[in-house]
Amino acid sequence: MEPIKVDFNNKRKKEIVIPPEKAVLKTIISILLTICTAGVAFYVMMPAINPKAYDFYMYIGIVAASFVVWQFLLNQVFAKPEYTPYIKKQAIVPGIIIGLLVVVVAIGWIVSSEFFRAKSYSTIISVNTDSDFASQIDKQDTDSFKVIPQLDEDTATQVAPRCLGTLEEKGYVSQFTVYPSSTQINYKGKPARVYPLQYASLIKWLFNTSEGFPGYVVVDMASKDSEFIFLENVEGSMGNIRYSPSEHFNKLLRRHLRFAYPTFMFGDATLEIDEQGIPYWICPRIDNTIGLFGGTDVIGAVVVRADDPDGTCTYYTVEDFKTNKDLQWVDRVYSANLIVQQYNFFGKYRNGFWNSVLGQKNVVKTTTGYSYLAKGDDVWMYTGVTSVTSDQSITGFAMVNQRTKEAVFYSVQGGTESSAQVAAQARVKDLGYTATFPLLLNIGGEPTYFLSLKDETSGNGTVQQYAFINVKNCNTSEKGSNSQSLAAALQDYADKNGLKIDDIDTGVIEEGEDNKEEKPENNGSDTPAVKPEGAIAGKVAEIREAVKGGESYYYIKLEGSDVYYSISASQDENVVILNKGDSVEITANGGSGKIIAASAITIK
């Protein structure tokens with residue numbers, strides 16, 4: 001039997017590196033292909049060339065990895081595995097680069113974490129807590145009630161497409177749809193939402209992209225009207241909208257911004273219009289103000305002239321938006337989601353990190369949801385504030401200016417917005433109406449939730465009732481009111497809460513109004529004559545809406561006349577898609593006075 005031999009000098013054998021044929025040439029080709037990959041990846045990913053952007057590190061990692069992939073493919077390692085050690089050697093430098101990226105991101109995340117920087121997070125927004133709701137929030141008066149938003153964002157999005165029928169006049173039949181995202185602004189003293197267009201399909205983009213979008217949609221949140229604005233009718237306009245989030249290739253707004261500002265990090269762009277109706281994209285520039293990746297805040301915004309064929313961009317700092325009077329028309333620089341995030345940091349960490357976890361003294365958070373209020377010429381986002389241990393009551397409201405980030409907290413104890421929605425819906429449980437997110441109003445010095453109740457079964461979210469609910473007594477049904485009439489709901493609310501309210505014109509024709517006005521005579525002008533019965537032709541000057549007996553009635557006034565013709569949607573569905581400026585022929589049933597019943601309407 002031979003003795004067992006043990007080799008104590010055994011060492012791990014080194015892999016033999018066999019260079020492939022034309023290795024230098026293939027390496028050069030790999031480098032060139034990597035450069036091409038970097039260009040394509042930049043065009044598709046559009047990363048900010050900024051060490052504070054996560055996508056920048058991802059981009060560099062993809063480029064580094066692509067070199068190894070090209071080497072692998074060019075040297076046919078699948079067919080020739082003997083070249084594997086060579087490829088491993090070629091991957092050392094890209095591997096080191098990727099490893100360094102991971103280390104930098106990890107360190108950056110740690111030094112930016114809320115655990116180490118809680119105090120910095122709590123001061124990212126400055127909140128004025130020395131305030132009084134009753135004296136600082138304007139009470140509703142005759143004029144203000146005419147511009148109270150009666151729609152929420154979801155319903156406005158359903159209303160917006162109703163005006164697209166006017167596109168047929170210009171030959172744009174079925175070419176565009178309404179872009180789902182919108183911006184609430186103050187436009188000519190009224191709350192409105194501005195909706196850009198998008199192409200109905202990729203094929204329709206192909207046929208229309210050379211001309212761009214002919215205009216945009218404006219939804220009046222108070223009157224519930226939608227109107228399509230043709231840019232060719234806007235004084236000072238330079239043409240159609242060329243750059244948009246729904247465009248492609250170089251006309252894509254985000255790509256246009258990236259080429260113009262390669263190092264900027266951007267938030268979501270929104271479409272706004274100035275008082276003349278000229279459209280602009282407001283594109284917030286964001287920065288991470290805490291460590292490498294924390295404390296996201298807005299430090300400026302790029303304003304892009306939407307109807308400029310060249311897409312002219314102008315950058316302004318946040319200080320410019322606060323002090324430059326020429327920029328007062330801009331309503332949204334800070335997004336609502338960013339404001340909510342920053343306020344929650346303030347409410348959570350103002351007494352330190354460990355207090356937010358253990359004692360939780362004075363720790364608060366925003367409630368679910370938010371809405372908007374017009375205050376002066378600005379749009380203020382507001383949301384309820386509640387303790388972290390309660391989700392049914394509020395400690396107050398936070399209001400933040402979306403242009404300047406001025407933030408105010410109003411101490412008000414009461415029910416949350418969601419509880420107000422539940423209370424309003426409970427009164428009409430048998431009808432199945434859905435309540436909009438509450439609007440916060442000052443009614444006779446009392447903080448009050450105002451809600452519209454929608455019939456979602458109709459598919460278009462038609463407003464059927466209105467509700468007022470006292471914030472302090474949100475769960476007490478005796479302190480709230482519901483009615484099909486806005487004026488009646490308001491008066492009932494005032495009576496139940498012992499409030500004195502002056503006569504308020506809600507801007508809506510209510511059932512039972514005086515109908516004794518004398519009919520106008522036709523004096524040979526363009527004024528339509530009011531006949532006992534028959535067809536009356538003219539252009540629509542105004543449309544109002546009221547609910548009677550659970551059914552929507554529309555009141556149409558023609559240009560040159562003070563008479564309203566009333567017709568329900570069940571009598572003629574054409575009235576639902578009617579817009580101001582439409583040429584119509586109304587079949588009147590006869591009568592005289594301020595309101596005359598009609599039976600049919602034809603849109604010419």
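The values are calculated or read from the model by the stated rules, or taken from the named source; none is laboratory data. Keep in mind that this is a model prediction, so the values were computed, not measured. Using ideal geometry, Cβ is built from the backbone for each residue, glycine included, and neighbour counts are taken over all protein chains shown. Ligands, DNA and RNA are stripped out before the accessible areas are found, and what is left, the full protein with its side chains, is counted by its heavy atoms. Shrake-Rupley method; radii C 1.70, N 1.55, O 1.52, S 1.80 Å.
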Here the residues within segment 66-116 that are of a type in the set (A, V, I, L, M) and under 20 Å from PRO19 (Cα atoms) are VAL68, VAL69, LEU73, LEU74, VAL77, ALA79, ILE87, ALA91, ILE92, VAL93
Scan segment 401-426 residue by residue and report those that are among the polar types (S, T, N, Q) and surrounded by fewer than 19 Cβ atoms within 10 Å (Cβ to Cβ).
THR404, SER411, GLN413, SER418, GLN425
Looking at ALA79 and the list (1) surrounded by 13 or more Cβ atoms within 10 Å (Cβ to Cβ); (2) of a type outside the set (Val, Ile, Thr); (3) not in a helix (DSSP H, G or I), which single condition is not satisfied?
(1)
Within segment 372-387, of all residues that are surrounded by fewer than 20 Cβ atoms within 10 Å (Cβ to Cβ) and at pLDDT 90 or above, the one nearest to SER335 (Cα to Cα) is ASP378
Select from segment 156-181 the residues that are out of contact with any strand residue (DSSP E or B) (no Cβ under 6 Å at 6 or more places or on another chain), open to solvent by less than 50 Å² (accessible area, probe 1.4 Å) and part of a helix (DSSP H, G or I) and list them in ascending order.
THR157, LEU164, GLY165, LEU167
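Residue by residue through segment 303-323, note down the ones that are closer than 20 Å to PHE213 by Cβ and either aromatic (Phe, Trp, Tyr) or assigned to a strand (DSSP E or B) (or both).
Correct list: VAL303, VAL304, ARG305, CYS313.
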Residues satisfying the stated conditions in segment 437-462, i.e. surrounded by fewer than 24 Cβ atoms within 10 Å (Cβ to Cβ) and among the β-branched types (Val, Ile, Thr):
ILE443, THR457, THR462
Scan segment 111-120 and give yes if some residue there is open to solvent by 40 Å² or more (accessible area, probe 1.4 Å), of a type in the set (S, T, N, Q) and under 35 Å from the mean Cα position of the chain (by Cα), otherwise no.
yes
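Out of the residues in segment 272-302 meeting the condition of being among the aliphatic types (A, V, I, L, M) and assigned to a loop (DSSP other than H, G, I, E, B), tell me which one is most open to solvent (accessible area, probe 1.4 Å). Before you say what the answer is, go through the steps one by one.
Here is the first cut: in segment 272-302, the ones among the aliphatic types (A, V, I, L, M) are 273, 278, 282, 286, 290, 292, 298-299, 301-302.
Next, only the ones that are assigned to a loop (DSSP other than H, G, I, E, B) stay: 278, 292.
Values: ILE278: 17, LEU292: 43 Å².
Across segment 272-302, the extreme among qualifying residues is LEU292.
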